[in-house]
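Report on the structure given below.
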Amino acid sequence: MKGERLVHAMGTARRALKSVLEPAHLRRTGTLALVVGTWLTLFNQGGAIWTGELGAGLWIKLTLNYLTPFVVANLGLLSKTSENHERKHPDSIG
């Protein structure tokens, strides 16, 4: 039973990675991350950027401004993908 779950988890991870790396999905999630990340950056760190305060801490925040919406968009995508897979394969191991 434990080995069966591991095989199922590996298949699920493979499906997730394939879905996330699909060009149409990357365009959508990447565009969303770019738009939301830019807004977050301008709103939250615009003053620091404008005055030239570009320290290491600011670069970490800037990276997270873009990485966070990218991850959230992909989690939403994977949630929908998982729902569709469960509808097509109701007897799969949960």
Do we find that Leu78 is closer than 25 Å to Ala13 by Cβ and in contact (Cβ under 8 Å) with a residue 60 or more places away in the chain in this structure? yes
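Every residue, every condition in (1) at pLDDT 90 or above; (2) among the hydroxyl-bearing types (Ser, Thr, Tyr); (3) surrounded by 14 or more Cβ atoms within 10 Å (Cβ to Cβ), yes or no:
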position	(1), (2), (3)
Thr12	no, yes, yes
Arg15	no, no, yes
Arg28	yes, no, yes
Trp39	yes, no, no
Gly55	yes, no, no
Trp59	yes, no, no
Thr68	yes, yes, yes
Val72	yes, no, yes
Glu83	no, no, no
Note on region 8-49: residues of a type in the set (D, E, K, R), within 15 Å of Lys80 (Cα to Cα) and without any contact (Cβ under 8 Å) to a residue 24 or more places away in the chain are Lys18, Glu22
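The values are calculated or read from the model by the stated rules, or taken from the named source; none is laboratory data. Source: prediction; values computed, not measured. Don't worry about glycine lacking a Cβ; one is built from the backbone with ideal geometry, like all the others, and counts go over all protein chains shown.
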